[in-house]
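See structure below.
The values are calculated or read from the model by the stated rules, or taken from the named source; none is laboratory data. These figures come from a predicted structure and were not determined experimentally. When we count neighbours, we look across all protein chains shown, and the Cβ atoms used for this are built from the backbone with ideal geometry, even at glycine.
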Amino acid sequence: MKLLRCPLNGPRNISEFVCWGEVADQPDPATADDLAWTDYLYFSNNTAGVVFEWWCHTPTSYWFIAERHTVSDDVIRTYTMDEFRAIRRDGR
Amino acid sequence: MSGVNRIPGGLLVDAARPVRFTFEGRAYDGLAGDTIASALAANDVRVLSRSFKYHRPRGIHSMAAWDANALVQLPGEPNVPAERTPIVPGLAVRGQNYRGSLAHDRDAWLGRFARFMPVGFYYRAFFKPHGAWQRFWEPRVRALAGLGAVALDAPHGHFDKVHNFCDVAVIGGGRAGLSAALAAAGAGDQVLLVDHNPVLGGALNYGRAAVERAATHAERDRLVGAVGGVRRITVMTGAVANGYFADHWLAIIQGSRLHRVRAGRVVLATGAIEQPAVFRGNDIPGVMLGSAAQRLIRLYGVRPGRTAVVVAGTDDGYGVALDLLDAGATVSAIVELRPEPSRDPRAVAAAGRNIRIVNDASIIAAEAVDGHLAAIAIRRQGDNTRHGEAIVCDLAAVSVGRLPAYQLALQAGGRLDYDDARAHFSIAGLPPGVTLAGWTAGEDIGANHPWPIYPHPDGKAFVDFDEDLQIDDIENAVAEGYREIELVKRFSTVGMGPSQGRHSALTAARLVAKETGRRVGDVGVTTARPPVVGEKLGVLAGRGFDPERKTAMHHRHLEAGAQMMTAGAWWRPAYYGVLAHRADAIAREVRAVRTAVGMIDVSTLGGLEIRGPDAAEFMNRMYTFTYTKQAVNRLRYVLMVNESGAIIDDGVACRFGDDHFYVTTTTTGSDRVYQTMLWWNAKWRLDVDIANATAAFAGVNIAGPRARDVLAPLVEGCGVDAGAFPYLGAFEARIAGIPARFLRVGFVGELGFEVHVPASQGEALWDALMDTGRGAGLVPFGVEAQRVLRLEKGHIIVGQDTDAMTTPEEADMLWAIAAKKPFFIGKRALVIRDKHLSRRKLVGFAVAGAPPLQESNLVLKGGNAVGFVTSVAWSPTLNRTIGLAYAAREDAAPDRSLVIRLDDGRDVRATVVKLPFYDPDAARQAL
Amino acid sequence: MPFGLLKYGLRRRYPARPDLPPEPDLRPAYDVVIVGGGGHGLAIAYYLAREHGITNVAVLEKNYIGGGNTGRNTTVIRSNYVTPESVRFYKAAVELYRDLSEELDVNLMYAERGQLTLAHNDASIRSFRLRAEVGKLLGTRIELIDPPAIRALVPALHMPEGGRYPILAGLWHQDGGLARHDAVAWGFAARAAERGVHIFQRTEVTGIDVESGRAVGVATNRGRIAAGAVVQAVAGYSSLLAKMAGFRLPIRTYPLQAMVTEPVKPFLEPLVSSAQLHAYVSQTARGELVIGGGSDPYELYSTRSTLDLKESLIQHTLELFPFLANVKLLRQWAGVTDMTPDYSPIMGESPVAGYWLDAGWGTYGFKATPASGRYMARAIATNRVPDILRPFALDRFRSLALVNEMGATAASH
């Protein structure tokens, strides 16, 4: 059983979490055309490599971001939403 | 007497405690501590089982349960490893995979036809004429397939699971493992030391690394004694470390218990597995690994044979010969397979004890009489005779080399390379925190014989005992074009049996390397996957844990005779009455609601609290309606669609304050809706707090024209008349002294109040209402009646009348969409769906009479399915069969005719009816 | 003993015509380059050669043939889907499978033992009845059956009347069956190679050459190969290959695990599954029990095994067959599956001209092998997508006209 470090609860068995996939920026619904919107809805990067993903610790319903390698399954880091916003602002 | 072959000195057996058991219906005496195999060996019983394909007699081979040769049948338990399973008084053991008797198997003819069953023969035949495989051959193949038999009435038994944690897990309690455990404990770590044998010591207990055993035993006693004196070391014996999983998560099985162990780091000191030589008859009972003979002697006090030949491809063979002499056996010869005489001290000692050593020899074949070894034919250098020299023996102990037990290391991510000089595999590439020790690490393991493979023109030189695969089979698989080891495995089935290649992988790799002109290291072995050894399904299952949820009123439903049904994890009353009168019960409940008053437990509906300055904005984004202008103490329908525009949930939102909404969800949707809300707000960061209060509330819906009669006497602080408490009102007040939320809803189409109270008060609420309601004719109703009632009103049930694609437009629910809102989840997708309208629409329909219509019957048009019935019921109120169905879009108008196909193939005509069926002016719910 | 085996008894070594011929020399150009030497890629190659006379075809396999999901699935063949589009397509596959052993001259051990899916609640009964009705309408053998009929079909099944998992009804699909997965790939490979198709193992595609919006070749670890058309049939890696061609797919990739027990004497004839318990069980001709369940919970390009999935899957299996508690599990493994949002495959054209998609096969690719092979070959040969494949076009994700099979797919692969 893999361990995942929840920013709120520390390292826990990964069976306590759910993953909602790679973080994807939602285009502006007012301006995005149908192609851009269906891209956002369905056409995933499905990256084989390091991705930022949504994870939720289900017993505490806590959402956070994990930086994970989708081939090795290594979790590089986890981020609270504040931390994630900060690194996003830094242009990562 | 515990057997003619019993000798003193068995480490694990207690000579003072005989144990009587049966094998093949005959009684035998063994000793406490014996395994089935050792006890039978002590009694000179050599044949334990029959092989998978050719039904050849098989017996002890490794005494470590590494192969399928000694799998036996216990009552209710197939494929039991006789070499590891202890005897207990009265144990009834049988051989496996024979017809008739173990000694005279009527299927043994299969072995004589082996030449007509080459590798992959089943791909070449049995399929003509058309269908012959399924009709004729497969049943015959299946009849011969399998090993042991399951008993269909076998009890589940008791299994359970525990969690353990340690700083260091050391797997293997031999010299290396004991040393590693002591070192780790010395450094302050909590250590878990795991060994699959009954006692610690590993090969120190039975091997003979030197002429004299005294030094070996002294080392064992020192190490085992030291480990026993360290409190930081926890010892688990008789425990198999069967799987390595991510982040040092180990599956360790001890008896009927699965230990899930989280280790800080892992030391693999799993030792090495002795490998067989490949020659004609190498599977005959009496031919066994040298270590098997030593285990019998030293662990169980059993002389493995009277007259022995030792086949030596490594110096360990000489230790085996010395052990056999000490055990009272005659050693007729040591057949040295290497060109040079051994200079090992054990070889010198063996020569000194007048054992004949035949150097630079090869093996021609082992010969059996009555299913047991009678002689071994060898060829000395320069001997050109066809049959060589036959040496009479009843035991051939084979020592040609070992392989590091790499299974756990490979599961952990390690990879194998072939050490050409020492002719065995070495392990590299382990993840951080996993290390090897001792033989597993290639330390002190010596060189293997590089090619202990002796083909015979008549075959029966087995590479894989489990699958009865011979040298030719591997060579022919390559000749057929299957040059990759994984393809050879798949084509020939080598390594796919119970021993999972422990004894066949090396030989197979060597043969494939030779046939393809590659290095053994380039050929490799097939992927090692968990588990290391077969593990009982019961151990994996444990006691099982399936959480279920009961409402606060659960027992009241049972007392009232409810038939309960599941809804997600919840139990809900389906109807009150007996199965035989199901329809009547449902109709009675429906009529009670329509004519008097009924009460249903709605505690299972989700309840979410949305609080904060942005609560209304949050609601506006999550749901399709508008909530910013919703008045306090009013409730509104909520409809949730997903980002693709499909309906996923509904309920009502009560506004109890400017910054406070209380939202209900469907029974099965609450957790998902809650999670979804939190996810979106993790992105939006609106100033709201979202709490899942589902479990905090119990609730009932009191519905019917006399609902007020039930409630009025009990409600404090709020009127229940239409003026004070209008339709779609929502108030907080008290009922029977209990603080409660009141919601005026109309799901079933009558005057109705939902009352939500703290879950702890649910039963009290139920009792109080039942009490006061008796005079008004209050009856409890269940989910089935509610389904009929809401169908009469034309209300959908999300998940029943909608599927994963249903849009509000298809469901005719555009009234629930606030199209002018700038955003709600799914809005943008609905714009796209509107451009590509589907061909279906959800409609109400009615049929004449009472045909056996079922939900999911198809709506046909021009012979094609254009939709299906989602809900159908006999309406006791309307006295007709009504339903909802997807129909072709052009037929979605009142009075259009639909064709519905019944289960039995007949078609019935239905008429589209404008919804709702009942009370179209919605006057009753607004009373 | 069948006459066909006599010839083997007379020789020590095999006759000279091996299933897989020695590897030919790689040509600089092919009419069609098929990326992926699994069942699908090999089947496309076979039907191109057999039905369209297109034999200047290369199949490139980065590992060994049939080594991906072809050799990792649980060999279930069935057509009991819910949408008419799917039922039509998978029914075509079942019909091809029926004659495939003779066509390929290999015993695929195809046996229609029937598949029984169990309903434990009324929602399942509704969804099963829909599948039964759609199947009947389209001519497949399928019906909803009651508990006594279930008991008659699978006497060994534990049939609780109450509790969390009562058995209320079953979806009985008589066309459901099993075949030997490896043999399907080998048979297509052998018969394609016989007709001149070139099959290269250990040959990895590292790039797709696209010129002016048209695929013109591939880059490999053995150099560049020009191609008149390129097909991708790389289950588990579809997104990565498409990315090389310059576009994204509506696919997320998850591991799917399965496991097998030691062989025991036969007691189970049909395939038995329960969507609610996320478990399905069948017994092979060798006597092993093959057990599978749902996909792993998060995306991963890895075939690692997990203990937790094994534990929950086996717990649920024992709900159905409690007497198996003392039977031993021998091996667990995993495949990497490309899941689409609607649990249906993507076949046909791509945004790049001359670049064909055979992708998104999730957990249901094996059963489709001959049909996807045959109709994909027809699409490539005629440059026109056959009607039977049209519902599965990539474009459906632009118009949100999905072919939703989620309910008919969960845990009954």
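Within the bounds of segment B:171-183, is there any residue that is surrounded by fewer than 16 Cβ atoms within 10 Å (Cβ to Cβ) and within 27 Å of the chain's Cα centre (by Cα)?
No, there is no match, as no residue in segment B:171-183 is surrounded by fewer than 16 Cβ atoms within 10 Å (Cβ to Cβ) and within 27 Å of the chain's Cα centre (by Cα).
So how many residues does segment B:887-926 have that are over 15 Å from B:K861 (Cα atoms), among the hydrophobic types (A, V, I, L, M, F, W, C) and in contact with a helix residue (DSSP H, G or I) (Cβ under 7 Å, 6 or more places away or on another chain)?
1
When the residues of segment B:528-570 are narrowed to those that are assigned to a loop (DSSP other than H, G, I, E, B) and of a type in the set (A, V, I, L, M), which ends up surrounded by the most Cβ atoms within 10 Å (Cβ to Cβ)?
So, considering only residues that are assigned to a loop (DSSP other than H, G, I, E, B) and of a type in the set (A, V, I, L, M), the one surrounded by the most Cβ atoms within 10 Å (Cβ to Cβ) is B:M553.
As an exercise: evaluate C:A381 against (1) surrounded by 23 or more Cβ atoms within 10 Å (Cβ to Cβ); (2) assigned to a helix (DSSP H, G or I); (3) of a type in the set (A, V, I, L, M, F, W, C) and give the number of the one condition it does not meet.
It fails just one condition, (1).
Just the residues that are surrounded by 15 or more Cβ atoms within 10 Å (Cβ to Cβ) and either aromatic (F, W, Y) or within 22 Å of B:N448 (Cα to Cα) (or both), please, taken from segment B:377-392.
Answer for segment B:377-392, where residues must be surrounded by 15 or more Cβ atoms within 10 Å (Cβ to Cβ) and either aromatic (F, W, Y) or within 22 Å of B:N448 (Cα to Cα) (or both): B:I378, B:R379.
What pairs can you find where one residue is in segment B:184-204 and among the hydroxyl-bearing types (S, T, Y), the other is buried (at least 21 other Cβ atoms within 10 Å of the Cβ), and their Cβ atoms are less than 8 Å apart, with a gap of 6+ or different chains?
Between residues of segment B:184-204 that are among the hydroxyl-bearing types (S, T, Y) and residues that are buried (at least 21 other Cβ atoms within 10 Å of the Cβ), there is no close pair.
With (1) in contact (Cβ under 8 Å) with a residue 12 or more places away in the chain; (2) facing chain C (nearest Cβ under 9 Å); (3) part of a loop (DSSP other than H, G, I, E, B) as the list, and A:P27 as the residue in question, which single condition is left unmet?
It fails just one condition, (2).
Kindly indicate which of C:P351, C:P297 is touching a Phe, Trp or Tyr at 6+ places or on another chain (Cβ under 6 Å), surrounded by fewer than 21 Cβ atoms within 10 Å (Cβ to Cβ) and either more than 9 Å from chain B (Cβ to nearest Cβ) or part of a strand (DSSP E or B) (or both).
C:P351
Can you pull out every residue in segment B:829-856 that is touching a residue at least 60 places away in the same chain (Cβ under 8 Å) and either within 15 Å of A:P29 (Cβ to Cβ) or in a helix (DSSP H, G or I) (or both)?
B:A829, B:L830, B:I832, B:R833
Testing C:S282 on (1) in contact with a Leu (Cβ under 6 Å, 6 or more places away or on another chain); (2) over 26 Å from B:V150 (Cα atoms); (3) among the hydroxyl-bearing types (S, T, Y), one condition comes back false. Which one is that?
All conditions pass for C:S282, except number (2).
Taking the condition of being of a type in the set (S, T, Y) and under 28 Å from C:R72 (Cα atoms), how many residues in segment C:210-234 meet it?
Final tally of qualifying residues: 1.
Restricting attention to segment B:765-801, which residues are of a type in the set (S, T, N, Q) and surrounded by 24 or more Cβ atoms within 10 Å (Cβ to Cβ)?
Answer for segment B:765-801, where residues must be of a type in the set (S, T, N, Q) and surrounded by 24 or more Cβ atoms within 10 Å (Cβ to Cβ): just B:Q786.
Only one of B:V80, B:V88, B:V119 is more than 11 Å from chain C (Cβ to nearest Cβ), in contact (Cβ under 8 Å) with a residue 40 or more places away in the chain and not aromatic (F, W, Y). Can you tell me which?
B:V88
Name the residues in segment B:897-912 that are closer than 20 Å to B:K841 by Cβ and either at pLDDT below 95 or surrounded by 19 or more Cβ atoms within 10 Å (Cβ to Cβ) (or both), would you?
B:L898, B:I900, B:R901, B:A910, B:V912
Hey, C:D122 hits all of (1) acidic (D, E); (2) surrounded by 20 or more Cβ atoms within 10 Å (Cβ to Cβ); (3) under 28 Å from B:G544 (Cβ atoms) but one; which does it fall short on?
The single condition C:D122 does not satisfy is (2).
Among the candidates C:V327, C:V281, C:V272, which residue alone is within 20 Å of the chain's Cα centre (by Cα) and either within 11 Å of chain B (Cβ to nearest Cβ) or under 21 Å from B:G497 (Cα atoms) (or both)?
Just one listed residue meets the conditions, C:V281.
Does C:Y375 satisfy being in a loop (DSSP other than H, G, I, E, B) and either under 30 Å from B:Y244 (Cβ atoms) or of a type in the set (S, T, Y) (or both)?
no
Filter the strands (runs of 3 or more DSSP E) completely within segment B:244-285 down to those with at least 3 residues that are within 20 Å of A:R5 (Cβ to Cβ) and within 28 Å of the chain's Cα centre (by Cα).
B:257-268
So, in segment A:33-53, exactly how many residues are more than 7 Å from every other protein chain (Cβ to nearest Cβ) and closer than 25 Å to A:R89 by Cα?
Residues that pass the stated criteria total 9.
Among (1) of a type in the set (A, V, I, L, M, F, W, C); (2) free of Cβ contacts under 8 Å to residues at least 12 places away in the same chain; (3) over 28 Å from B:R56 (Cα atoms), where does B:A350 come up short?
Of (1) of a type in the set (A, V, I, L, M, F, W, C); (2) free of Cβ contacts under 8 Å to residues at least 12 places away in the same chain; (3) over 28 Å from B:R56 (Cα atoms), only one is false for B:A350: (2).
Looking at (1) in the same structural domain as B:A505 (by TED's automatic domain parsing); (2) assigned to a loop (DSSP other than H, G, I, E, B); (3) crowded, with 21+ Cβ neighbours inside 10 Å, which is the only condition B:L416 fails?
Going through the list (1) in the same structural domain as B:A505 (by TED's automatic domain parsing); (2) assigned to a loop (DSSP other than H, G, I, E, B); (3) crowded, with 21+ Cβ neighbours inside 10 Å, B:L416 breaks only (2).
Which one is surrounded by the fewest Cβ atoms within 10 Å (Cβ to Cβ) among residues in segment B:473-525 that are among the basic types (K, R), part of a loop (DSSP other than H, G, I, E, B) and free of Cβ contacts under 8 Å to residues at least 40 places away in the same chain?
B:R518
Looking at segment B:27-44, which of the residues that are touching a strand residue (DSSP E or B) at 6+ places or on another chain (Cβ under 9 Å) and assigned to a loop (DSSP other than H, G, I, E, B) is surrounded by the fewest Cβ atoms within 10 Å (Cβ to Cβ)?
B:N43
Going residue by residue through segment B:571-594, is there one that turns out to be farther than 20 Å from C:H120 by Cβ, in a loop (DSSP other than H, G, I, E, B), assigned by TED's automatic domain parsing to the domain that holds B:M770 and touching a residue at least 60 places away in the same chain (Cβ under 8 Å)?
no
Identify, please: which residue in segment B:45-77 is within 14 Å of chain C (Cβ to nearest Cβ) and assigned to a strand (DSSP E or B) and is, among those, surrounded by the most Cβ atoms within 10 Å (Cβ to Cβ)?
Filtering segment B:45-77 for residues that are within 14 Å of chain C (Cβ to nearest Cβ) and assigned to a strand (DSSP E or B), the one surrounded by the most Cβ atoms within 10 Å (Cβ to Cβ) comes out as B:L71.
Mind checking which strands (runs of 3 or more DSSP E) fall wholly inside segment B:669-764 and carry at least 1 residues that are more than 14 Å from chain A (Cβ to nearest Cβ), buried (at least 16 other Cβ atoms within 10 Å of the Cβ) and not hydroxyl-bearing (S, T, Y)?
B:697-703, B:730-735, B:738-744, B:752-758
Here are the criteria: (1) in contact (Cβ under 8 Å) with a residue 60 or more places away in the chain; (2) within 8 Å of another protein chain (Cβ to nearest Cβ). Tell me which single one B:G174 does not satisfy.
Only one criterion is unmet by B:G174, namely (2).
Could you check segment B:293-315 and list, in sequence order, the residues that are closer than 16 Å to B:R356 by Cα and crowded, with 24+ Cβ neighbours inside 10 Å?
Listed by number, the residues that qualify are B:A308, B:V309, B:V310, B:V311, B:A312, B:G313.
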